[in-house]
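Please treat every number below as a calculation from the coordinates, not as lab data. Remember, predicted model here, so these are calculated numbers, not experimental data. We place every Cβ from the backbone using ideal geometry, glycine too, and count neighbours over all the protein chains shown.
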C-alpha cells in the first residue's frame, strides 16, 4: 500500500485557517465491475448489462458530474438509470452543496438493485490529481472526474464502455479531446426510447430555456458575502418567509427589529423577489415613512396584476382578506437575497389556457402549473404530455427562478391521477403535508419477528417479566379500533387500598433502537388518521396484531401499577414490563352498559366500577387544579361501504363516563411516567408542555363577549375554566361551546421538548394544569411514546443498556422538533381530508343551515356551521380586484362589526345567521373546488342571496342536535 | 455546512485510511545529544519529541522518595503545533492531566526501586498536533527511556480506537477526535499483554466495548513492532560505529 500526503487548505468561522490533513492514496480501491479479473473486490455492484439507450449499443457505465446530480436528481432517481459510478469528488461536492440531494443520492446508493457504486477516486493512486497552478477548484474537480473516467475506460478495456454525462459543454469538449465518450443528459435520455417520460423530467436549467419577456425583471439578489455583512452590521434581517394563506401576495418574516420581535411584511411579488414560502431570506427594511400604516393598504397593487399575462387576474380568485388589528405602522421591507431555498416537490395541475398544441401533438411546450398550495407561485414546466396531463394532478419540482422570468422554472416529476378522484386527492394532501406514506420497505419488514403472525410469548419473556395474566384486565376503545394501545385493571388489595394498573402495548420490545424499523418509525413520527384511510407509523403486523392488546391472547405490556387509597391518593407507583392477557376488548358503550347494569357482578365489571369511582375523584381533583375543558367543532363522516363516499355526517358522540375514565387514567400514567423519567434523566427527558396563551388574543375574546355581559378572566387556567363555565346563555346552548371553541384557538400548541433545554417552570402543561407531562400511552401510533418507553425502561432496569440517543440533549431536542413538525402536519392533513370529504358530500347539494359568526374581517366574516363542523368565509365584496362601487357593508373598527349601509343591520361576533352552502365547482376549469357560503338571514341587500333557492331546507329539529355534535376535546392530550 | 462523513460508502475514512489502519509511523531514537535518552516519533501529522534525563539527583529535596526514584513527566505543546498559533500555560489542566496519565502509565513499568532518592525526568514536546496526544506521548517516552537505558519490565505501547456508528476504527486523527465519537486510549505491555492505561472519552455502548478494545490492542501490538525495529536498527548502527 503506497501512502502519500496531500495538503488541503480550508477556512473556518470566517477567519482563514490553514488546515493540514493527511491524504492517503491507495492501490486497493477496486472497480467493482463484475467479472473484472484485475481487481479483487468481493462484491461487485456494477453489472454488465445490455444498453437501454440508443446512443451507445454496448454495455456501459455512467459517470455523472456534480451539476447533473444537483439539477437532474429526479432523473437519476428513475429506476431505468442503473450502473452509475458515483465519484467521490462528486459525492463530496454534493454534500457541501445540498443536504437534501445528498440524502436522496445516499438512498439510491443503498439500494443495491440500482447498481450505484461510490468510487473513491480521490484516494486512488492513479486517479488522484493535484490542483494545478491558477486552476480553480471547480476546474480541478472536473479534471479529476475526467481522469477517473479515463482510468475506468482503460481499466475495463473492452468489456464495457464508460460514459461521462455532463451538461457543461466545455467539459464535454475537453473529455472528447481526451478520447472519452461524453454526452449531455438530454442526449442520453432521448436515446432511451422505452422511457419517454424521462424527457419531461429533465430539469429546466437556465441555459436551455429561452427567455421570454425581457422587459420584466426582478431585482438581482445580493451575493452571500453582501448578505452576511449586512446581517452582521444590522442593516438586513433574516427569517423564514411565510406567506399568508389568504393572500398569496402578502408575506412576512419574524425578526428582531430594534430589540423587539416583530413581523416584517413583504407585499407584492416584486418585493418578494422570487422567494417562495419557507425560504430563508434576507430582508431590507423600507424607511419608516413607507411602512404599512393601516391594513387597509394591504391591497394588491394594480400594476402588479397588469404585469401578469392575459387572463391571469381572473384565475387568482383568492379572496383578499384583511384584518383590522393594529394601527401602529408595521415594518415593511423587501427581499434582497435568499440565504437558503427550501424547495420541495409541489402538487398542482396544468393551466388549460397555457396548453397550445393540438390534442395529438407530442411536441414539447411550455405550460404553467398551478400549485395546490396557494402560497406557492405557478411553476413553468416544459412537457410533451401536456394533452395527457390535463385534468390530472401532477407533481413538479422547481429548478430555478431566473430574474427575468415571472414564474419559477420547474420540471415534471410524475402524474398522480385524475383530479377529483378521491385516491388522487388523498395522495395530493399527503404529499402537500409532507406525510411519508409509501409502503414499508423490505428492509423495514425484515425487522419484524420472523414468526410473523405465529409469534407467541415465549418462556424467556415470561421469566423476565411480571406475569399479570391472571388479572382481570380489559381494554376500552372506540368501536372498530384495531390498534389497542392500552388496557386497564383495578382490584382491592388486602390492606384495603386499591391497586390500579394501566398496561401499555410494549412496542419497544419489537422496535429496537437503530434498526431500520425504528428509523422508519422515527421519520414517520405518528400514525396519520384520514377520513377514509390510516397511514401507519409501524407495520400493521405489529400495530394491529402483535403489539395490540387484543382480548384473550398473551401480549407483552409495559405496566404502570399504582396503589391508591379510597380517595384516589397515590400511595406508591411501580413500573414493570409484564405479560398480560386482556379478558375483554370493550367499546365505550359496552363498558358503560356493564357499569350501569347492576345485575352484573363479575370481577371484571366490579373492576370497571372501581375504576369509574376513582376516575371521578381524579377528574374532580384535576378540575380543582384548573384543567380546562375545551372544544372543537368535529364531525365524523359516515362512509358508504364500497365507494367510501361520505353519505352522511354523524355528530361526535357525547362523552360517556367510560370515555372520561380511560382518559383520566391515561393522564395519570403519563404524569407518573414523566415524574419517573425526569428523576433519572433530568437533562434529556422527552416531555410535553403547553405554554399559557398569549394574553392579547384572549383579551380580544374577552372584549367581544363583554357585550353579552360575561367576563373572561385568564390570569390562571383555573380562572379561565371558571369563567368559561359561567358564560352560558340558557336559550342558546351552543353559545358556551362556541366560546370554548374560540378559546381553544387562542391557545398555544402543546409541544414536545427536551427537559435539559427549559427551566422547571416551563414544564407546565397549561391545559391539563399539570406541572409535568409526557406521552407514554400510545406507542403504536406515536414515536414520542416509544422514546419515553425506552427512557422508562432505562430508569427501572439498571442492567439495561441504552445508546447515547437517550442522554444526548441536542439529539433529543432535534427529535422533539421533528416530532412536533410531524404532528402539526398530521393534524393539517387530517383537516384537509375532512375538507375533501366535505366537498364530496356537498357536491350537487344546496343546504341551508344555521351558523355562528366567529370572526369579522374587513370585507367579510367567517361563519362556523355546527351541524357539519365546517367554517367558511362569507364575502361582502365578490373580489377585491373588481372595483365594486360600494360594498353593502362597512367595517366599523370601534364595535368590530360590519354595518350595512342600506338597512339597520350589523353583523357582530357570535351572531347567529342562516347561510346557504354550495360547492363552487367551476373554479379554474373544474380543477379546484371550494365551499361557497352565502348569507340568507339576516337579509342585507347586496350581500345576502335570494332566499328561496332550490335544495332542501333543514328544519329546526336539527337545532336540537346542534348542541350535541361537538366533541369535547382534550387539548392535544 | 454538514458534518463530515467519517466513513464513506467505500469504507474509507476522511484521510483515505480503512477503519483498521494505523497512520504512518516514523520514529527515531537518540536524536538529542544533551539528553540521556531521546526519541522523535511521528504518527501521521502528530509529531512528538521526548527527552529523558536521569536517574539523577532531584532538584528539590521535597521530591526525594527514600525507596525509589521519582518519575517526573512534563508535557508541552509547541506554540506552532496547531494552525492557530497559541501559547499554552504550563498550568493548563488538560496538559497536566495528560502528563499525569503518562506518569501513571510508567510507574509500574520502570524499575524505580533500583534508584532510591533519585529522579527520572521525562520531557515531552508536541511539535505538531493532529490528534492522539496520549498515545504518542507514551510511545515517545518508551523509546526515550529505552534509549536512556532506564531499566523497564517491557515496552509500553499505546494506541487509540473509536467507534463510528457501529464500526470500530483505529487511531483517530484530530478531525475524527473532534467529531464527538467515543475514543478509547489503551496502553499495554506488548509481551505480557497487560494493560497499564485505559482511558475513555465520551460514551461507548457496552456491547461495542470489547471489539473497540480488541482493535486498540491490535494497534498497540503493531506499534510495538515498529518501535522495536527502530530501536534494534539504531543499536545496530551504534554498535557498528563502535567497531
Problem - Rounded, prolate or oblate (a/c below 1.5 giving rounded, otherwise prolate when a/b exceeds b/c) for region A:159-206 by Cα gyration tensor - result: oblate
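Restricting to region B:25-236, compute how many DSSP beta bridges are antiparallel as a %, nearest 5. Intermediate values should be presented prior to the final figure.
Working: 38 of 46 bridges.
The antiparallel fraction comes to roughly 85 percent.
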Practice task
Just tell me how shielded A:22-31 is by partners: mean number of partner chain Cβ atoms within 10 Å of each residue's Cβ, no decimals.
Solution key: 4
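Take the alpha carbon gyration tensor of region A:425-492, find the square roots of its eigenvalues, order them as a ≥ b ≥ c, and report rounded if a/c is under 1.5; if not, report prolate when a/b exceeds b/c, else oblate.
Working: a/c = 3.58, a/b = 1.56, b/c = 2.29.
It comes out oblate by the Cα gyration axes.
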Completion exercise
Per the 1/(1 + (r/R0)^6) rule, R0 = 35 Å and r from the Cβ atoms of residue A:56 and residue A:540, FRET efficiency to 0.05 is 0.15
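What is region A:42-195's relative contact order, in percent, from Cα pairs under 8 angstrom and six or more apart in sequence? Present the calculation step by step, with values, prior to reporting the outcome.
Numbers: 217 pairs, mean separation 46.3, N = 154.
After rounding, I find 30 percent.
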Handout entry: Average Cα contact separation per residue, region B:25-236, under 8 Å, 6 or more apart, as relative contact order %
Key = 22
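D for the protein assembly as shown, whole µm²/s, Stokes-Einstein with Kirkwood Rh over alpha-carbon pairs at 4 °C and 1.567 mPa s: what number?
For these conditions, the coefficient is 36 µm²/s.
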Completion exercise
The alpha-carbon center of region A:354-430 and that of region A:142-168 are separated, in whole Å, by 36
Handout entry: Label point distance in nm, residue A:20-residue A:40, each placed 7 Å from Cα along Cα→Cβ
Key = 3.4
Practice task
Give me the distance between the Cα centres of region B:105-183 and region B:209-225, rounded to whole Å.
Solution key: 14
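Rank these for me by crowding, A:798, A:694, A:629, A:66, going from fewest to most other beta carbons within 10 Å. Please list the in-between numbers first.
On the way: A:798 7, A:694 11, A:629 16, A:66 23.
The fewest-first ordering by Cβ neighbours comes to A:798, A:694, A:629, A:66.
Given N residues in region B:57-196, what is Rg(Cα) / (2.2 N^0.38 Å)? Mind showing how you got there, number by number?
On the way: Rg = 16.4 Å, N = 140, 2.2 N^0.38 = 14.4 Å.
For region B:57-196, the normalised Cα radius of gyration comes out at 1.14.
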Completion exercise
For chain B, the percent of all C-alpha pairs falling in each 10 Å bin, from 0 up to the bin holding the max distance, is 7, 31, 35, 20, 6, 1, 0
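When Cβ neighbours within 10 Å are restricted to other protein chains, what is their mean count per residue of peptide B:11-24? Display every interim value, and only then the final one.
Details: counts 3, 8, 2, 4, 9, 17, 6, 5, 0, 0, 4, 0, 3, 6.
Shielding by partners across B:11-24 averages 5.
Using the per-residue mean of other Cβ atoms lying within 10 Å as a proxy for protection, in what order, highest first, do the peptides A:81-91, A:120-130 fall?
Numbers: A:81-91: 23.7, A:120-130: 20.2.
Answer by packing, highest mean first, reads A:81-91, A:120-130.
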Problem - Computed log₁₀ I(q)/I(0) - Debye formula, equal Cα scatterers, no solvent, region B:125-243, q 0.16 Å⁻¹ - result: -0.76
Completion exercise
Dividing the helical contributions, -39500 (n - 2.57) per DSSP H run of n ≥ 4, by the residues of the protein assembly as shown yields a 222 nm value, nearest 500 deg cm²/dmol, of -8500 deg cm²/dmol
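Tell me whether region A:475-521 comes out rounded, prolate or oblate; compute the Cα gyration tensor, take square roots of the eigenvalues as a ≥ b ≥ c, and use a/c under 1.5 as the rounded threshold. Each step should come with its number before you reach the end.
Working: a/c = 6.64, a/b = 1.89, b/c = 3.51.
Cα axes put region A:475-521 in the oblate bin.
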Exercise for the section: With r as the distance between the Cβ atoms of residue A:519 and residue A:491 and R0 = 41 Å, compute the FRET efficiency 1/(1 + (r/R0)^6) and round to 0.05. Expected result: 0.50
Completion exercise
In whole angstrom, largest first, the equivalent ellipsoid semi-axes that the Cα gyration tensor gives for region A:42-195 are 22, 18, 16
Completion exercise
For residue A:817 and residue A:364, extending 7 Å from Cα along the Cα-Cβ vector and measuring point to point gives, in nm, a value of 3.8
Problem - Spatial separation of Cα centroids for region B:73-103 and region A:218-294, in angstrom - result: 49
